[in-house]
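The values are calculated or read from the model by the stated rules, or taken from the named source; none is laboratory data. Small disclaimer: the values here were computed from a predicted structure and weren't measured. We place every Cβ from the backbone using ideal geometry, glycine too, and count neighbours over all the protein chains shown.
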Amino acid sequence: MKLIENWFSERYSDNLQLSFRVQDQLLSVKTDYQRIDVFETYDFGKLLTIDGTVQLTERDEFVYHEMITMVPYYLASRKPQKALIIGGGDGGTAGQLLKLGFQSVVNVEIDTQVVEVSKKYFPDLYRPLTDKKVELIIDDGVKYIRKTDRKFDLVIVDSTDPVGPAEGLFMKDFYASIKNILTDSGIVVTQSGSPFYQPKALQMAHSGMSEVFGYVRTYTAFIPTYPSGFWSFTMASDYDCKGRLDNINPGKYFNSDVLRGAFSLPEFVKELIK
Ligand code: SAM
């Protein structure tokens, strides 16, 4: 990734980009799967990008990591204990699950280099991956889910966008394999992109899950450094998750008001997933 006058820019289209002024480029490496860059920005702390797209920044990662974990956690009918993360090699999602009290977390990341980069540049996010409750497996999530005979209360797809290695993570067949490894009160959740700039990611996730599960719901959050700042997640289960809502511990973004509001979708988003 080449810097132009110390600005990193993520291109949304030929005519639009988001730019961060950076103090320094700390890393640029091409792995077997993707290009990883780390920048020290002025306003958002360290920034991790994969193939030129923002994955996380130190300043706003809490929104994404709380919303991908706490929403399904509190909506499950029984307190979930065992989780599987697909992707998430930075460790941010595993960290939130440990805070929520999960007994065991299996984290399947395809690219060992993402883990190494997190260890070096985002040590606070990485640390949970060394916890004895967390088992880190370097493998393709699609393959892992097909072959494992373990069962999980929560499966979190914390992936890159549906191009390259993550393409299979938005397919109906993948969701069908996930269904086989969920417990009775199990839930699957995936990040499903920006409804404004990546409507296809949301549509793929929503329609793929709808073909396989009885209940599918999309929710949103405000993540300043992701395209449009308006982000979606889509969760599915085979029962109507009413949740355990009487004892909610707020995070830094998440609380009971956010939980309720996150499922109130603007009309154009409802249209997308009709
Ligand atoms: N918060 C991020 C976002 O939405 O921009 C996602 C972060 S996390 C770094 C995404 C991870 O998914 C990457 O480390 C990537 O290597 C991993 N990944 C992509 N395809 C995968 C696959 N098929 N199996 C397992 N991990 C995969």
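The single residue among V142, V188, V157 that is touching a residue at least 24 places away in the same chain (Cβ under 8 Å), more than 30 Å from E40 (Cβ to Cβ) and under 15 Å from the mean Cα position of the chain (by Cα) turns out to be V188. Answer yes or no as to whether I156 is of a type in the set (A, V, I, L, M), more than 16 Å from the ligand (Cβ to nearest atom), touching a Pro at 6+ places or on another chain (Cβ under 8 Å) and closer than 21 Å to L84 by Cβ. So I156 fails the test.
Among the candidates Y197, Y239, Y253, the residue that is touching a Pro at 6+ places or on another chain (Cβ under 6 Å) and either part of a loop (DSSP other than H, G, I, E, B) or among the charged types (D, E, K, R) (or both) is uniquely Y197. The residue of region 10-25 that is farthest from S192 (Cα to Cα), among those that are within 16 Å of the ligand (Cβ to nearest atom) and either assigned by TED's automatic domain parsing to the domain that holds P165 or surrounded by 15 or more Cβ atoms within 10 Å (Cβ to Cβ) (or both), is F20. Selection of region 251-273 for residues being within 19 Å of the chain's Cα centre (by Cα) and within 15 Å of Y74 (Cα to Cα) yields G251, Y253, F254, N255, V258, L259, A262, F263. Scanning region 92-125 for residues that are within 14 Å of the ligand (Cβ to nearest atom) and within 24 Å of R78 (Cβ to Cβ) returns T93, A94, G95, Q96, V106, N107, V108. Within region 47-60, being closer than 18 Å to K119 by Cα and either out of contact with any Ser or Thr (no Cβ under 7 Å at 6 or more places or on another chain) or modelled with pLDDT under 95 (or both) holds for L48, T49, L56, E58, R59.
Selection of first residues in region 55-67 that are without any contact (Cβ under 8 Å) to a residue 24 or more places away in the chain and of second residues that are part of a helix (DSSP H, G or I), restricted to Cβ pairs under 8 Å at least 6 apart or on distinct chains, gives an empty result.
Condition check ((1) within 16 Å of the ligand (Cβ to nearest atom); (2) touching a helix residue (DSSP H, G or I) at 6+ places or on another chain (Cβ under 8 Å); (3) without any contact (Cβ under 8 Å) to a residue 40 or more places away in the chain) across all residues:
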{"site": "Y219", "(1), (2), (3)": "yes, yes, no"}
{"site": "Y226", "(1), (2), (3)": "yes, yes, no"}
{"site": "G229", "(1), (2), (3)": "yes, no, yes"}
{"site": "S232", "(1), (2), (3)": "yes, yes, no"}
{"site": "S237", "(1), (2), (3)": "no, no, no"}
{"site": "N247", "(1), (2), (3)": "no, no, yes"}
{"site": "P250", "(1), (2), (3)": "no, yes, yes"}
{"site": "L259", "(1), (2), (3)": "no, yes, no"}
